[in-house]
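Here is the structure we will look at.
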Amino acid sequence: MKTLIIGGGASGMTAAIFSALKGDDVTIIEHNERLGKKILSTGNGRCNLTNRKLSGDIRTHFSELGCADETFYRNIISKFGYEDTIDFFYGLGLMTKERGDLVYPLSDQAGSVLDVLRFKVRDLDVKVLTECHVKDIKRKEDGSFFIVSDKGSFSCDKLIIATGSKAAPQTGSDGSGYEIAKKLGHRINEVRPGLVRLRSKDDFLRQVSGVRSQALLSLFDDDKKICSEEGEIQFTDHGISGIVTMNISNRLHLCGKKPVVHIDLIPNVPAEDFYKELVKRRESFPKRSAEDLVTGTVNKKLGLLSLKLSGIRQDTKAASISDEGLKNLAGHIRDLTVNIEGPDGFMDAQICLGGVDCSELDDGLQSRIVPGLYFCGEILDLHGDCGGYNLQLAWSTGAIAGRA
């Protein structure tokens with residue numbers, strides 16, 4: 001059986017390994033100069049392989065993102081999940097460690113993950129053609145495929161498309177697989193940047209640019225709450241960033257034209273308790289300035305911004321701040337509002353939302369339209385939150401397609 005895989009990233013190499021393990025004659029075509037280039041940038045260069053919460057709330061971390069339904073995700077994870085991933089990489093020679101629910105290579109280097117995948121591809125005698133660009137694909141009358149590239153033509157019995165998306169094009173993800181899928185008769189759901197920073201034109205952001213803070217972010221569409229996420233936020237000149245922001249960005253398509261993010265800078269302190277604390281401070285330290293009053297509650301720049309938004313001069317004596325003034329101050333610390341213009345573009349996105357419609361695939365990720373054609377990885381309209389969920393989808397879909 002001749003299997004050809006277009007795309008040598010995380011899912012493509014995994015598919016090649018599982019296909020070769022069952023005896024197929026496997027070839028990978030990769031348009032970059034080397035395999036797995038994008039893997040090196042995952043997890044800030046440490047490669048968060050998977051997440052212990054994988055078998056938990058599928059809806060929270062995957063299917064509420066508006067792509068494939070929950071049943072499809074559960075099928076993918078049930079066939080190749082958390083423990084399968086740990087065992088797979090251990091079998092390749094990679095030791096892992098956990099940080100909370102997150103799993104990393106013991107070396108803390110994404111390069112180790114790429115190396116063990118490449119070693120196994122080599123050990124299984126998988127043919128690899130790099131810097132090779134596919135020009136055309138045709139299906140022959142006998143059901144096999146004929147692929148034309150700038151390095152010659154190839155025939156295969158089974159074809160796996162693992163070309164990735166348009167996210168981070170600097171790593172080679174140019175979206176070319178979408179056109180291939182279209183030519184073969186598949187529907188491409190709207191492709192948008194995912195896991196990306198959110199842009200805003202609010203002037204006050206420059207005052208707190210560079211600040212990082214633990215916070216609870218809530219995305220609203222008018223008065224409708226879309227989602228909430230707690231963790232570290234980073235403020236920039238032109239918006240907000242951080243893992244919580246990126247997870248929220250995946251839900252931005254659920255909003256109308258004026259999405260808003262409400263930021264609670266001290267989410268673990270009850271609102272009434274915090275107001276009482278400010279009153280107590282005013283009474284205990286009446287001669288201190290308003291700036292001193294908020295010292296130690298939030299980051300200093302965020303405290304000064306909250307005073308400004310509350311209309312309180314930072315040199316105002318604490319004793320002269322009214323109850324209403326303290327309520328306003330507490331309100332801005334508990335609800336800093338950022339008006340969202342939209343997400344950053346594909347260049348800064350970690351993944352893409354949208355892609356090949358999963359309803360056109362069977363349980364083995366084979367096309368219902370073109371028998372013998374399979375898809376895996378980020379080209380699929382199948383994605384999750386930060387925290388190893390998307391790499392897990394790469395391993396899972398690659399393993400399923402390769403086995404099938």
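Quick grid of which residues meet (1) surrounded by 13 or more Cβ atoms within 10 Å (Cβ to Cβ); (2) touching a Leu at 6+ places or on another chain (Cβ under 9 Å); (3) farther than 25 Å from LEU92 by Cβ; (4) outside the structural domain of SER19 (by TED's automatic domain parsing):
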{"site": "GLY111", "(1), (2), (3), (4)": "yes, yes, no, no"}
{"site": "ASP115", "(1), (2), (3), (4)": "yes, yes, no, no"}
{"site": "ASP125", "(1), (2), (3), (4)": "no, no, no, no"}
{"site": "LEU129", "(1), (2), (3), (4)": "yes, no, no, no"}
{"site": "LYS135", "(1), (2), (3), (4)": "no, no, yes, no"}
{"site": "ASP142", "(1), (2), (3), (4)": "no, no, yes, no"}
{"site": "PHE145", "(1), (2), (3), (4)": "yes, yes, yes, no"}
{"site": "ASP150", "(1), (2), (3), (4)": "no, no, yes, no"}
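Which pairs have Cβ atoms under 7 Å, sit 6 or more apart or on different chains, and link a residue in the stretch 228-241 that is without any contact (Cβ under 8 Å) to a residue 24 or more places away in the chain to one that is part of a strand (DSSP E or B) and surrounded by fewer than 15 Cβ atoms within 10 Å (Cβ to Cβ)?
Once the first residue is without any contact (Cβ under 8 Å) to a residue 24 or more places away in the chain and sits in the stretch 228-241, its partners that are part of a strand (DSSP E or B) and surrounded by fewer than 15 Cβ atoms within 10 Å (Cβ to Cβ) give GLU232/ARG212.
Being within 15 Å of VAL260 (Cβ to Cβ), outside any loop (DSSP other than H, G, I, E, B) and acidic (Asp, Glu) narrows it down to one of GLU229, GLU179, GLU190, so name that one.
Only one candidate passes the filter, namely GLU229.
State which residue is farthest from ALA16 (Cα to Cα) when the search covers only the stretch 146-167 and only residues that are out of contact with any Asp or Glu (no Cβ under 8 Å at 6 or more places or on another chain) and of a type in the set (A, V, I, L, M, F, W, C).
The residue in question is PHE146.
Any residue in the stretch 303-324 that's over 12 Å from ASP292 (Cβ atoms) and free of Cβ contacts under 8 Å to residues at least 40 places away in the same chain: show its pairings with residues that are part of a helix (DSSP H, G or I) and among the small types (Gly, Ala, Ser) at Cβ separation under 7 Å, as long as the two are six or more apart or on different chains.
SER310/GLY325; ILE312/ALA290; ILE312/GLY325; ARG313/ALA290
Inside the stretch 69-108, can you point out the residues that are among the polar types (S, T, N, Q) and either in a helix (DSSP H, G or I) or within 19 Å of the chain's Cα centre (by Cα) (or both)?
Across the stretch 69-108, the qualifying residues are THR71, ASN75, SER78, THR85.
Taking the stretch 156-181 as the region of interest, how many residues are surrounded by 14 or more Cβ atoms within 10 Å (Cβ to Cβ), at negative phi and either out of contact with any Ser or Thr (no Cβ under 8 Å at 6 or more places or on another chain) or of a type outside the set (Lys, Arg) (or both)?
Final tally of qualifying residues: 18.
Does SER218 count as under 24 Å from GLY384 (Cβ atoms) and touching a strand residue (DSSP E or B) at 6+ places or on another chain (Cβ under 6 Å)?
Spelling it out, SER218 is indeed under 24 Å from GLY384 (Cβ atoms) and touching a strand residue (DSSP E or B) at 6+ places or on another chain (Cβ under 6 Å).
Of the numbered conditions (1) under 17 Å from LYS183 (Cβ atoms); (2) free of Cβ contacts under 8 Å to residues at least 60 places away in the same chain; (3) touching a helix residue (DSSP H, G or I) at 6+ places or on another chain (Cβ under 9 Å), VAL116 fails exactly one; give the number of that condition.
VAL116 satisfies every listed condition except (1).
Among the listed residues GLY100, GLY81, identify the single one that is at pLDDT below 95 and loosely packed, with under 13 Cβ neighbours inside 10 Å.
GLY100 is the lone residue from the list that is at pLDDT below 95 and loosely packed, with under 13 Cβ neighbours inside 10 Å.
The values are calculated or read from the model by the stated rules, or taken from the named source; none is laboratory data. Because the structure is a prediction, the values reported are computed rather than measured. Cβ: placed from backbone, ideal geometry, glycine included. Neighbour counts: every protein chain shown.
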